[in-house]
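Student: Quick one: the structure is below, and I'll ask about it shortly.
Only the coordinates and a few stated rules stand behind these numbers; no lab work does. What you see is a predicted model; the values in this text were computed from it and never measured. Cβ placement follows ideal geometry from the backbone for every residue including glycine, while neighbour counts extend to all protein chains displayed.
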Amino acid sequence: MYPPKFSYVIPDNVKEALEFLESHDDAKPLAGGHSLIPMLKLRIFRPSYLVEIRRLSELKYIKTEGNVVKIGPVVTHYDIMKANIPLLSETASKIADPQVRNMGTIGGSISHLDPSADYPAALIAMDAKVRIKRTKGERVESFSSFAKDMFTPDLNPGELVAEIEVPLLKDYKVSYQKLERRAGDFAIVGVAVALKVNGDVIQDARIGLTAVNKTAVRASEAEKILLSGKISEKLIEEAATKAMDYANPTSDIRGSAEYKKKMVKVMTKRAILAALNR
């Protein structure tokens, strides 16, 4: 398969990139290309211009400010994996294969917003924020608001994801568990869990699910169950069962809707136990 013809633009800075994107509705930013290029080959997208932003150093950084980690959009999955960011680094380590992790970027991933992508489970569980930039200013959205629908981020023409901000969950036990058909595949079910534990009681619980709905979802009622008593097998079982209520999957080559929904319980329980055992 061959992509349609397009022109290639290499701006010198973010300002130039934004100006070009704003003045050309049919332009698309290009970072790692692992989301965009396959869609070009399928001719789902037919942009007249690709604007390369990967080389812009202004967009490539990971910095900690207080209890917050700020990540530039062209930071690769590999760089995030090595940054030791609780939950997010583990999630990055399970994305695809080394080639993709070395080239793919977090900004490209969330701008593409594949419903089976790994990051959304962690980002929604962490209450991540997305800073969106345009020529006349910027705005900040919670990741849950940013993810409007499958393949539909809250990005207007001429806007660019400029930064992803996540809390540094220092005192949390975390785990990302992914069910995949084969190594390196998209998730059939992905569950991100972060737990703040004090003795035999969970003080705070965060559970994010990916690949089981149009966008990632936060299993808030399952979280409440984990906070309702002492840690026990029964409590974990009840929480994992409740997480199934947030799944509305569709049948596809990776499995039936019924199978996927049942696996939400299995993977949620596995993620909770993995986190508690760390």
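Student: Which entries in the list K230/K260; K148/K196; K15/K170; K170/K261; K234/K260; K28/K173 go over 27 Å, if you measure between the two C-alpha atoms of each?
Tutor: K230/K260; K148/K196; K15/K170; K170/K261; K28/K173
Student: Using DSSP H assignments, which helices in the chain have an axial alpha-carbon span of 18 Å or above and a mean Kyte-Doolittle hydropathy of -1.0 or higher?
Tutor: Span-like helices, by this rule, are 257-276.
Student: Something else: Compute, for the chain, the length of the dipole vector about the Cα centre, with Cβ point charges of +1 (Lys, Arg) and -1 (Asp, Glu) only. Units Debye, rounded to 20.
Tutor: Dipole of the chain, to the nearest 20 debye: 580 debye.
Student: In terms of Cα to Cα distance under 19 Å, which aspartates and glutamates are near enough to K269, apart from those fewer than 8 places away along the same chain?
Tutor: Partners found: E90, D118, E180, D200, D204, E221, E223, E233, E237, E238, D245, E258.
Student: Something else about it: Out of F186, F143, F20, any idea which swings most in a Gaussian network model of the chain, alpha carbons joined below 10 Å?
Tutor: Largest GNM mean-square fluctuation: F20.
Student: Pull out the extension gain between K262 and E233, defined as 0.36 nm times the separation in residues minus the alpha carbon to alpha carbon distance; nm, one decimal.
Tutor: Gain on stretching K262 to E233: 8.6 nm.
Student: Multiplying the sequence separation of K82 and A183 by 0.36 nm and subtracting their Cα-Cα distance, what value in nm do you get?
Tutor: That pair, K82 and A183, stretches by 34.3 nm at full extension.
Student: Counting pairs of alpha carbon atoms under 8 Å apart in space and at least six apart in sequence, what relative contact order in percent does segment 72-152 give?
Tutor: About 26 percent, as a whole number.
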